[in-house]
Amino acid sequence: MKIFPVKSIAEIDQYTIENEPILSINLMERASRRLFDVLDPIYRNRPFVVVAGAGNNGGDALALSRMLLLAGYDTTIVLLKSDCLSTDTALNLERLKHIRQSKVILYQSVEDLPSITSNHVIVDGLFGSGLNRPLEGKALELVQWMNELNVEIVSIDIPSGLMGEDNSGNNPEGIVKARRTFTFQFPKLSFLFPENHKYTGQWEIIDIGLHPEKISEITTSWYFIDRDICRNLLPQRSCFDHKGTMGHTLLIAGSYGKMGAAVLSARACLKSGTGLLTVQVPHDTCQIMHAAVPEAMVNIDRSDLMFTEFPNLSTFSAIGVGPGIGIRSNAVKALDALLDSIGDRPLILDADAINIIAQNPHMKEKLPPGAILTPHPGEFKRLVGEWDNDFERLEKAKEFAAQHKVILVLKGAYTTVVLPSGVCYFNSTGNPGMATAGSGDVLTGIILAMLGRKMDAWKAAVAGVYIHGLAGDIACETEGEEALIASDIISSLGKAFINTK
Ligand SMILES: NC(=O)C1=CN([C@@H]2O[C@H](COP(=O)(O)OP(=O)(O)OC[C@H]3O[C@@H](n4cnc5c(N)ncnc54)[C@H](O)[C@@H]3O)[C@@H](O)[C@H]2O)[C@@H](O)CC1
Ligand SMILES: Nc1ncnc2c1ncn2[C@@H]1O[C@H](COP(=O)(O)OP(=O)(O)O)[C@@H](O)[C@H]1O
Ligand SMILES: [K+]
């Protein structure tokens, strides 16, 4: 699914109005009706206070209020006083007047505000995607009033006060903190940043039937990785395929005391379709690998403890380095030598491989084009330094990816795959149960298997994070968030592939 900046969404709205064709007031009615249909079963019989602004977000709120009143809900409307209501908002205000029970409070000061019980649901329709500066004055007062009530707030389209993309200069006190946000047609970029979760709460997309032609025509740099995107990226097997055509991957992972990372990564790689897997492990640990992953071949390092050497790379279709290798000087030297001999072979670097590169900046220059780096936030910080907010973090990732021509996979909720071109893919799968030791090692194995099958690096990264998150979601159905461990993600890979293909 594409993610658009709000200015493009306005363009798609306009195109829909002209070419469906549909009157803008009827598009607003359709959006509000779909919103009502979602809210009705969730909040049956609860009293509502609907807060509306002067723009079209307020128009949605007023249309929704009419639907609530007609369905018998106790509904009070608070309209921010303004001399210039949008045309459709004015028309919806007019329509409300025909409903006997409607109570519209024109907000001028706090004394005007209704009293609220803990059972109330507040609908926030103050500002939507037309917001162009931080809130102040009466609008700010209303947002602060809503936030202080301590009752459930539902935002229409976007929490009022939140910008669709960059909130760097925004006032954090001037943004509605919703329990849920129902957003029209597309997620907004800012919803995907951890720091904005406190504003959006749980968010959901409501399809309002915007014009599909325009949606496919307008280009964007942002995508939400859904099943369709992933399915189109995954390669099919032909009936004549054999293990020699499914890729021979090399995984360099583990050190004395950290062999779990290597085992998890190796198992995930095999369960993601690699034809052959060789794992490079320290001498003293090779029994562990043989016993835990009998399907893998083992290349035994001369060191008892850590990664210090690697086999001839020409045999391998892709190489993965990092989980559990440690950052001792011999491992650093070995990674440096590996980067010198890697040529243009597909490469994924994770965990300590990233930490080593962060500590030895000259190695950044040796990264082959298209290498995939999968840092969690701590590792990314070591690589590029601090950031003030998540929008800036994304900017830094884009800069790094462009400068070094690599693919960054910023892990976490909505894991973001950043390509050198600046295109970003945000993952839609995964859950907080995956915040558990070793789940990143599993991701490395999955992507390595895909790279080994000659998938383009960006495709392997995008499909890999989707399958990884989906396997986590499937595992979560039976394990729940607390009990979920990395091995459960591996066990669910089969179902994740089957459900995606
Ligand atoms: N255009 C359409 O066809 C549709 C629009 N929809 C709704 O329309 C919304 C967008 O409507 P609008 O573009 O009218 O935007 P808003 O409802 O967000 O209102 C923007 C208005 O407020 C002003 N404004 C912006 N920032 C302000 C600030 N900080 N303080 C005071 N005033 C400020 C703007 O100048 C503009 O007049 C969407 O979020 C969605 O809810 C839906 O009805 C679906 C269809
Ligand atoms: N709240 C979450 N929602 C979705 N995915 C998550 C969440 N928390 C963690 N994950 C995923 O789990 C993995 C954790 O990776 P990482 O921190 O490297 O773990 P480890 O180092 O233990 O292997 C990442 O792929 C991340 O995207
Ligand atoms: K809103």
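What follows is calculated from the coordinates using simple rules that are stated; it is not laboratory data. Here the structure is a predicted model, which means the values were calculated and not measured. No Cβ is skipped: glycine too gets one built from the backbone with ideal geometry, and neighbour counts run over all protein chains shown.
With axes computed from alpha carbons, what is the tilt in degrees of helix 439-452 against the longest principal axis of the chain, rounded to the nearest 10 within 0 to 90?
It is inclined by approximately 70 degrees.
Indicate the gyration tensor shape class of the stretch 240-323 (rounded, prolate or oblate), computed on the Cα atoms with a ≥ b ≥ c the square roots of the eigenvalues: a/c under 1.5 is rounded; otherwise a/b larger than b/c is prolate and the rest oblate.
Prolate shape, in that a/c is at least 1.5 and a/b is the bigger ratio.
List, in order, the whole-Hz ³J(HN,Hα) value for each residue of the stretch 147-152 obtained from phi through the Karplus relation with A = 6.51, B = -1.76, C = 1.60 and θ = phi - 60°; use x for Gly and Pro.
5, 7, 5, 6, 10, 5
How large are Rg and Dmax for the stretch 132-207 when only the alpha carbon atoms are used, in Å?
11.5, 33
Give me P(r) over the stretch 2-220, computed from all C-alpha to C-alpha distances, binned every 10 Å, as integer percentages.
The calculated distribution, bin by bin, is 8, 37, 38, 15, 1.
Only helical DSSP H runs with n ≥ 4 go in: add -39500 (n - 2.57) per run for the chain, normalise by residue count and round the 222 nm mean residue ellipticity to 500 deg cm²/dmol.
-13000 deg cm²/dmol
Residue 197 versus residue 482, label points 7 Å from Cα toward the beta carbon: distance in nm?
It works out to 1.9 nm between the two label points.
What's the center-to-center distance, using Cα atoms, between the stretch 459-501 and the stretch 44-68 in Å?
Taking the Cα centre of the stretch 44-68 as reference, the centre of the stretch 459-501 is 39 Å away.
Report, largest value first, the span of the C-alpha coordinates of the stretch 79-134 along each principal axis, in whole Å.
33, 32, 20
Taking H placed 1.01 Å from N in the peptide plane, check which residues at least 5 places from residue 3 or on another chain put their amide H under 5 Å from its amide H.
Amide H neighbours of residue 3: 222, 223, 224.
In percent, what relative contact order does the stretch 254-352 have, based on Cα pairs under 8 Å that are 6 or more apart in sequence?
Once normalised by length, the contact order is 28 percent.
When the Debye formula is applied to the Cα atoms of the stretch 319-359, each taken as the same point scatterer, what base-10 log of I(q)/I(0) results at q = 0.20, 0.34 Å⁻¹?
For the stretch 319-359, the Cα-only Debye profile gives -0.53, -1.30.
Over its Cα atoms, what ratio of radius of gyration to 2.2 N^0.38 Å does the stretch 336-448 give?
1.02
Would you please give the FRET efficiency between residue 136 and residue 179, computed as 1/(1 + (r/R0)^6) with r the Cβ-Cβ distance and R0 = 35 Å, to the nearest 0.05?
Plugging the Cβ-Cβ distance into 1/(1 + (r/R0)^6) gives 0.90.
Please compute the contact order of the chain in relative form: average sequence separation of alpha-carbon pairs under 8 Å and at least six residues apart, divided by the residue count, as a percent.
Averaging sequence separation for qualifying contacts and normalising by length gives 12 percent for the chain.
Between residue 386 and residue 168, how many nm apart are label points set 7 Å from Cα along the C-beta direction?
My value for the distance between the label points is 1.7 nm.
Tell me, Kirkwood radius of the stretch 1-121 from alpha-carbon pair distances, in Å?
Result for the stretch 1-121 stands at 15.4 Å.
Once you have the Kirkwood Rh of the chain from its Cα pairs, apply Stokes-Einstein at 10 °C and 1.306 mPa s and quote D in µm²/s.
Using the Kirkwood radius from Cα pairs, D works out to 64 µm²/s.
For the stretch 169-220, what class follows from the C-alpha gyration tensor (a ≥ b ≥ c being the square roots of its eigenvalues): rounded when a/c is under 1.5, otherwise prolate if a/b is larger than b/c, else oblate?
It comes out prolate by the Cα gyration axes.
Leaving out same-chain residues fewer than 8 places away, which lysines sit with a Cα under 27 Å from that of residue 454?
2, 243, 271, 364, 366, 398, 405, 411, 495, 501
Quick check on the exposure proxy: order 239, 269, 230, 424 from fewest to most C-beta atoms within 10 angstrom.
Taking fewest neighbouring Cβ atoms as first place, the list is 239, 424, 230, 269.
Could you grab the Rg to Rh ratio for the stretch 88-214? Cα atoms only, Kirkwood for Rh.
That ratio is 0.98, to two decimals.
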